[in-house]
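J.: Here it is, the structure, as structure tokens.
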Amino acid sequence: NSKVIQTPRYLVKGQGQKAKMRCIPEKGHPVVFWYQQNKNNEFKFLINFQNQEVLQQIDMTEKRFSAECPSNSPCSLEIQSSEAGDSALYLCASSLPGVEQYFGPGTRLTVL
Amino acid sequence: AQKVTQTQTSISVVEKTTVTMDCVYETRDSSYFLFWYKQTASGEIVFLIRQDSYKKENATVGHYSLNFQKPKSSIGLIITATQIEDSAVYFCAMRATSSGQKLVFGQGTILKVYL
């Protein structure tokens, strides 16, 4: 069973609405990742953090997507204005630096 | 840019047999890491096994082992004594040192194990 906790498991939003999902990484893992998996099983890296600092992010993330990993609080990924194309499984993963990543169960976002 | 390719869309095997799933990768990095994950029907993604590029020995964990052929940029996953519970989608992934810590995934291979 995943030690990475993601909430909510399912999220339904209308177009233009905000969508926010949360992640609690595995205890002791300083690195946190967000990926998007579409209906064709394709993974897209969105952003990652190490100890609350952004390490890498893609251009898409810099516009409608925002994310943070504050200390002593869950990490979060928020889509400011949801679009139909954002419907996907959003996966949070955590790791020690440089080794395998462990994934949470994901948040399945449906944008109507 | 890094790329990972899994050409087998779906494989079906009888329980208790051995199956091999193929994966080829592209990178210009001399140091990189290769991973296999499986995604169950519930959507859960489970880490299975890892191969570091500088290691010549093939990694083995339980009934999973790897066939690492560096000159061919190939990292095959071998599952011995397959069980019904091994039915899942298997993803090959790579982390290249120059790309930070993000993973690049292949398209996935569906494995169906039947009685």
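Where a number appears in this text, it was derived from the coordinates with a stated rule and is not lab data. Model, not experiment: these values are computed from the prediction. Virtual Cβ from ideal backbone geometry, glycine too; neighbours counted across all protein chains shown.
J.: Would you be able to tell me the number of residues in the stretch B:41-72 that are assigned to a loop (DSSP other than H, G, I, E, B), surrounded by fewer than 17 Cβ atoms within 10 Å (Cβ to Cβ) and away from chain A (no Cβ under 11 Å)?
T.: The initial filter retains those residues of the stretch B:41-72 that are assigned to a loop (DSSP other than H, G, I, E, B), namely B:41-44, B:53-59, B:62-63.
The next check asks that each one be surrounded by fewer than 17 Cβ atoms within 10 Å (Cβ to Cβ); those that pass are B:41-44, B:54-58, B:62-63.
Remaining after also requiring away from chain A (no Cβ under 11 Å): B:41, B:54-58, B:62-63.
Of the residues in that region, 8 qualify.
J.: While we're here: For the stretch B:41-76, enumerate the residues that are of a type in the set (Gly, Ala, Ser) and within 18 Å of B:THR5 (Cα to Cα).
T.: Of the stretch B:41-76, the ones of a type in the set (Gly, Ala, Ser) are B:41-43, B:53, B:59, B:62, B:65, B:73-74, B:76.
Of everything in the stretch B:41-76, those that are of a type in the set (Gly, Ala, Ser) and within 18 Å of B:THR5 (Cα to Cα) turn out to be B:SER53, B:SER73, B:SER74, B:GLY76.
J.: In addition: Among the residues of the stretch A:17-44, write down those that are within 12 Å of another protein chain (Cβ to nearest Cβ) and under 20 Å from A:GLY98 (Cα atoms).
T.: A:GLU26, A:HIS29, A:PRO30, A:VAL31, A:VAL32, A:PHE33, A:TRP34, A:TYR35, A:PHE43, A:LYS44
J.: Any residue that is within 20 Å of B:SER12 (Cβ to Cβ), away from chain A (no Cβ under 13 Å) and loosely packed, with under 14 Cβ neighbours inside 10 Å - is there at least one of those in the stretch B:84-95?
T.: Step one: of the stretch B:84-95, the residues within 20 Å of B:SER12 (Cβ to Cβ) are B:84-92.
Checking the rest, the ones that are also away from chain A (no Cβ under 13 Å) come to B:84-87.
Subsequent filtering for residues that are loosely packed, with under 14 Cβ neighbours inside 10 Å retains B:84-85.
Yes, there is a match, as at least one residue in the stretch B:84-95 is within 20 Å of B:SER12 (Cβ to Cβ), away from chain A (no Cβ under 13 Å) and loosely packed, with under 14 Cβ neighbours inside 10 Å.
J.: Mind counting the residues in the stretch B:9-40 that are surrounded by 13 or more Cβ atoms within 10 Å (Cβ to Cβ), of a type outside the set (S, T, N, Q) and assigned to a loop (DSSP other than H, G, I, E, B)?
T.: Residues in the stretch B:9-40 being surrounded by 13 or more Cβ atoms within 10 Å (Cβ to Cβ), of a type outside the set (S, T, N, Q) and assigned to a loop (DSSP other than H, G, I, E, B): 4 in total.
J.: Which numbered condition in (1) touching a Gly at 6+ places or on another chain (Cβ under 7 Å); (2) within 12 Å of chain B (Cβ to nearest Cβ) is the only one that A:LEU112 fails?
T.: Against the list (1) touching a Gly at 6+ places or on another chain (Cβ under 7 Å); (2) within 12 Å of chain B (Cβ to nearest Cβ), A:LEU112 comes up short only on (2).
J.: In this structure, is A:GLU53 within 14 Å of chain B (Cβ to nearest Cβ) and loosely packed, with under 13 Cβ neighbours inside 10 Å?
T.: yes
J.: Output the residues belonging to the stretch A:66-89 that are more than 23 Å from A:GLU26 (Cβ to Cβ) and not small (Gly, Ala, Ser).
T.: Residues satisfying the conditions are A:ILE79, A:GLN80, A:GLU83, A:ASP86.
J.: I need a count of the residues in the stretch B:73-97 that are small (Gly, Ala, Ser), in contact (Cβ under 8 Å) with a residue 60 or more places away in the chain and assigned to a loop (DSSP other than H, G, I, E, B).
T.: Kept after step one, since they are small (Gly, Ala, Ser), are these residues of the stretch B:73-97: B:73-74, B:76, B:81, B:87-88, B:93, B:96.
Next cut, in contact (Cβ under 8 Å) with a residue 60 or more places away in the chain only: B:81, B:93, B:96.
Filter once more, keeping what is assigned to a loop (DSSP other than H, G, I, E, B): B:81.
Number satisfying all stated conditions: 1.
J.: Oh, and also: For the stretch A:1-41, enumerate the residues that are surrounded by 14 or more Cβ atoms within 10 Å (Cβ to Cβ) and free of Cβ contacts under 8 Å to residues at least 12 places away in the same chain.
T.: A:ASN41, the sole residue that qualifies.
J.: Being touching a residue at least 40 places away in the same chain (Cβ under 8 Å), more than 28 Å from B:TYR114 (Cβ to Cβ) and more than 14 Å from every other protein chain (Cβ to nearest Cβ), is that true of even one residue in the stretch B:9-17? Let's see the steps before the verdict.
T.: Going residue by residue through the stretch B:9-17, those that are touching a residue at least 40 places away in the same chain (Cβ under 8 Å) are B:9-17.
Still in the running and more than 28 Å from B:TYR114 (Cβ to Cβ): none.
The answer is no; no qualifying residue exists.
J.: Can we say B:GLY100 is free of Cβ contacts under 8 Å to residues at least 40 places away in the same chain, within 30 Å of A:GLU53 (Cα to Cα) and surrounded by fewer than 17 Cβ atoms within 10 Å (Cβ to Cβ)?
T.: Numbers: free of Cβ contacts under 8 Å to residues at least 40 places away in the same chain: yes; within 30 Å of A:GLU53 (Cα to Cα): yes; surrounded by fewer than 17 Cβ atoms within 10 Å (Cβ to Cβ): yes.
Answer is yes for this residue.
Quick grid of which residues meet (1) within 26 Å of A:GLN17 (Cβ to Cβ); (2) more than 11 Å from the chain's Cα centre (by Cα); (3) within 10 Å of chain B (Cβ to nearest Cβ); (4) exposed (fewer than 14 other Cβ atoms within 10 Å of the Cβ):
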| site | (1), (2), (3), (4) |
| --- | --- |
| A:PHE65 | yes, no, no, no |
| A:GLU68 | yes, no, no, no |
| A:SER71 | no, yes, no, yes |
| A:ILE79 | yes, no, no, no |
| A:SER82 | yes, yes, no, no |
| A:LEU91 | yes, no, yes, no |
| A:PRO97 | no, yes, yes, yes |
| A:GLY104 | yes, no, yes, no |
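J.: Could you list, in sequence order, all residues of the stretch A:1-44 that are in contact with a helix residue (DSSP H, G or I) (Cβ under 9 Å, 6 or more places away or on another chain) and either of a type in the set (Ser, Thr, Tyr) or outside any loop (DSSP other than H, G, I, E, B) (or both)?
T.: A:LYS13, A:ALA19, A:TRP34, A:GLN36, A:LYS44
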